[in-house]
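Engineer: The structure follows.
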Amino acid sequence: MHSPPAGWLSVSTAPSDGDLEVCALDYNGIVHALVFPCRKDGAQWVDASNRTHVNIEPTYWREWTESHPVLSIARARSGRPDI
């Protein structure tokens, strides 16, 4: 069994009451973090911004923060502080 990357927790401990950054393995076995916040909804995962089902099987999670790099880039590009 692999240990989680620094700062990440096993998906088996993911809470269902907050926005999470999750990562999953691609078809080549490489771990990638999703660029949008997710929420655990029972045994499924949803996009936290619009509550649509996301067909993923994440391996690790950490708390989503407002200072997430992708979110910061999107805000800078749009000129809107409240994306």
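Engineer: For a protection proxy built on the mean count of beta-carbon atoms within 10 angstrom, sort 38-46, 7-15, 23-31, 56-64 highest first, please.
Structural biologist: Going from most to least packed, we get 56-64, 38-46, 7-15, 23-31.
Engineer: Given the Cα-Cα distance of GLU66 and LEU9 and 0.36 nm per residue of separation, how much length would full extension add, in nm?
Structural biologist: 18.6 nm
Engineer: If Lys and Arg each add +1 and Asp and Glu each add -1, what is the summed charge of the other residues whose beta carbon sits under 10 Å from the beta carbon of ARG51?
Structural biologist: Taking every other residue near ARG51 into account, the sum is -1.
Every number in this text was worked out from the coordinates using simple rules, so none of it is lab data. None of these values were measured; they are calculated from a predicted model. Don't worry about glycine lacking a Cβ; one is built from the backbone with ideal geometry, like all the others, and counts go over all protein chains shown.
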